[in-house]
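Peer 1: Quick one: the structure is below, questions incoming.
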Amino acid sequence: MKNILIICFTSFVLFTSINLGRTPTPTNPSLTVKVEGLRNSKGLVQYALYDQEGSLPDQKFKKYHKIKTSAISDGKSSTSFSDLTPGTYAISVLHDENKDGKIEMGLLLPKEGIGFSNFKAIGLSNRPNFDKASFVLVKDSVIVVNMIYK
């Protein structure tokens, strides 16, 4: 009987120490995107999340991984993408003042505000693409996207 108790106790100690030594299984992270400095409260903000090289620029919003919209309050807006696979992503944001889901273009530049992760400004020599806008997501994160109006 004493041997059985010793074997049971030893098995319990070994089992719990093996399980305690394991690294926890990582969860799929979430990404919160914040936009500040919107020029007005008209319309809504459209957030497109990209996960593929060559997906940006995407003026017609056809190459995104996930897309969401959010209301504007006090010149700010935000949204969250949850249960993402850890990896490389980029964000494109549109201040969709007329709520048509498209970038309204002027002669050469958008009439509505746009923004991209990692961009403070855009121009002929600083055009957005996936490489420049991308970031690595491995844990829950928050990014702020600068709105650009022309």
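What follows is calculated from the coordinates using simple rules that are stated; it is not laboratory data. What you are looking at is a predicted structure, and each value in this text was computed from that prediction instead of being measured. Heads up, the Cβs are rebuilt from the backbone with ideal geometry, glycines too, and the neighbour counts pull from every protein chain shown.
Peer 1: May I ask you to list the residues in segment 101-110 that are without any contact (Cβ under 8 Å) to a residue 12 or more places away in the chain and either aromatic (Phe, Trp, Tyr) or surrounded by 12 or more Cβ atoms within 10 Å (Cβ to Cβ) (or both)?
Peer 2: Glu104 - this is the single residue of segment 101-110 that is without any contact (Cβ under 8 Å) to a residue 12 or more places away in the chain and either aromatic (Phe, Trp, Tyr) or surrounded by 12 or more Cβ atoms within 10 Å (Cβ to Cβ) (or both).
Peer 1: If a residue has to be of a type in the set (Ser, Thr, Tyr) and either part of a strand (DSSP E or B) or within 18 Å of the chain's Cα centre (by Cα) (or both) to count, how many in segment 116-150 make the cut?
Peer 2: Within segment 116-150, the first condition is being of a type in the set (Ser, Thr, Tyr), and the residues that meet it are 117, 125, 134, 141, 149.
The next check asks that each one be either part of a strand (DSSP E or B) or within 18 Å of the chain's Cα centre (by Cα) (or both); those that pass are 117, 134, 141.
Residues flagged as of a type in the set (Ser, Thr, Tyr) and either part of a strand (DSSP E or B) or within 18 Å of the chain's Cα centre (by Cα) (or both) within segment 116-150 amount to 3.
Peer 1: Related question: Can you tell me how many residues in segment 112-132 are in contact with a helix residue (DSSP H, G or I) (Cβ under 9 Å, 6 or more places away or on another chain) and surrounded by 15 or more Cβ atoms within 10 Å (Cβ to Cβ)?
Peer 2: Start the filter on segment 112-132 by keeping residues that are in contact with a helix residue (DSSP H, G or I) (Cβ under 9 Å, 6 or more places away or on another chain), which leaves 116-119, 126.
Those left that are additionally surrounded by 15 or more Cβ atoms within 10 Å (Cβ to Cβ): 116-119.
Of the residues in that region, 4 qualify.
Peer 1: I need the full set of residues from segment 35-68 which are touching a residue at least 24 places away in the same chain (Cβ under 8 Å), surrounded by fewer than 16 Cβ atoms within 10 Å (Cβ to Cβ) and either assigned to a strand (DSSP E or B) or among the small types (Gly, Ala, Ser) (or both), in order please. If you could, list the steps in order and put the result at the bottom.
Peer 2: From segment 35-68, those touching a residue at least 24 places away in the same chain (Cβ under 8 Å) are 35-61, 64-65; that's our starting set.
Filter once more, so that each one left must be surrounded by fewer than 16 Cβ atoms within 10 Å (Cβ to Cβ): 36-37, 39-42, 52-54, 59-61.
Answer for segment 35-68, where residues must be touching a residue at least 24 places away in the same chain (Cβ under 8 Å), surrounded by fewer than 16 Cβ atoms within 10 Å (Cβ to Cβ) and either assigned to a strand (DSSP E or B) or among the small types (Gly, Ala, Ser) (or both): Glu36, Gly37, Ser41, Gly54.
Peer 1: Could I ask something else about it? Can we say Ser82 is hydroxyl-bearing (Ser, Thr, Tyr) and either touching a residue at least 60 places away in the same chain (Cβ under 8 Å) or surrounded by 11 or more Cβ atoms within 10 Å (Cβ to Cβ) (or both)? Before the answer, list the steps.
Peer 2: Numbers: hydroxyl-bearing (Ser, Thr, Tyr): yes; either touching a residue at least 60 places away in the same chain (Cβ under 8 Å) or surrounded by 11 or more Cβ atoms within 10 Å (Cβ to Cβ) (or both): yes.
In short, yes.
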